[in-house]
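The structure under discussion appears below in the form of structure tokens.
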Amino acid sequence: MMPPYIGIQPDTLVRELAEWGRRTVAGIDALARIDSDDIRVGFTPREAVFRDGKVTLYRYLPEVERPGALPLLINYALVNRPDMVDLEDGRSLVQSLLRQGLDVYLIDWGYPTRADRWLTLDDYINGYLDACVDVVRARSGRDAVNLLGICQGGTFSLCYAALHPEKVKNLITMVAPVDFHAGDGASCGLLNIWARHMDIDAMVDAFGNIPGDFMNFGFLLLKPFQLNVAKYAGLLDVVDDDKKLMNFLRMEKWIFDSPDQAGEAYRQFLKDFYQANKLIRGEVVIGDRRVDLAAVRMPVLNVYAELDHLVPPVSSLALGDHVGTDDYRAVGYPTGHIGMYVSGKVQHTLPKTIVEWLDERK
């Protein structure tokens, strides 16, 4: 007879083990039936309107008869694919923005190869990003655009807005790191702490480009049990639901689709931003110009995730202390970094917040 302190009867244990076995077999069968080509990410129709090297600028096909005259350009991070903003039909940031009347463009940074090893932050920000902004300006006939920068793309967008303020009408940053040394202990973020002690010179000199798999491995180690064990154990709870299973697989496809990082750009980003925290000190130099956040005088909407383990809220919220605008607003959501794109509750309110904020600043 089982000891009473365990608190479970033998017949109950047998039933639960049998159910666990059934779910495991069902999960294997379900996964075996799925063709990898059926796991699509990115649903909303779009067209390429500009290409330069590996970089492609897309315009999403409007879903209203007359989209807003001032387009919104989305600038995502280099470290992951931008499909996260359009991961699932019916729960897509892009789709929601289109339905509320915006004209939406997106920069796809592509997959750097060995030929891109010497690309710098100047190439990305004053080169590719500036070229994409100019294309959107020319196509819309407007002097400036609305710019939405996400994660590392938000940091890049801040730099761009400081260097080219005349081309940015309104700036939105989302889960974007600003003060890379903000906070104490856990509030500072494990990624920020690790990056301070990384020998990035040795890595770039050895690899050239930083492998995407190395980057992804590091992100997984930030929450080793949750991201490497618990979520796969939880997979057994959704194998009987085709929709939830496909959502899980789409997320996995996005997570492990990690581009390599151009060596020199990654070297400068790690050393100047993560290690030396130069952005808030006004010491970052892009090309031959210093980035001064006080030059960001256009309206700024700063969106952050209150439970973010990659970009701690304290890092994002520091933005309000350094920009030069009087029209600054910070909005937090009770979710994590990825939840900003996949949380049904967030996606119900976030696009509306963005559109209403922009409408007030036409």
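None of the figures in this text is laboratory data; all of them are computed from the coordinates on show. Owing to the predicted nature of the structure, the values given are computational and were not obtained by experimental measurement. Don't worry about glycine lacking a Cβ; one is built from the backbone with ideal geometry, like all the others, and counts go over all protein chains shown.
Give the shape of the range 242-362 as rounded, prolate or oblate, defined through the alpha-carbon gyration tensor: a ≥ b ≥ c are the square roots of its eigenvalues, a/c under 1.5 means rounded, and otherwise the shape is prolate if a/b is larger than b/c and oblate if not. Note, shape of the range 242-362 comes out oblate.
Here's how it looks for residue 331: its modeled amide H is under 5 Å from those of 302, 303, 304, which are all 5 or more places away or on a different chain.
The residues 203, 84, when put in order of fewest to most other Cβ atoms within 10 Å, stand as 203, 84. The magnitude of the dipole of the range 52-160, with charges of +1 and -1 set on the Cβ of Lys/Arg and Asp/Glu and taken from the Cα centre, is near 0 debye.
Listed by chain and number, the aspartates and glutamates whose alpha-carbon sits under 17 Å from that of residue 362, ignoring those within fewer than 8 places in the same chain, are 103, 143, 166, 326, 327.
Between residue 276 and residue 113, the distance separating the two model label sites (each 7 Å from Cα on the Cα→Cβ line) works out to 3.3 nm. Remark: for residue pairs 167/253; 243/345; 169/352, the C-alpha separation exceeds 25 Å in 167/253.
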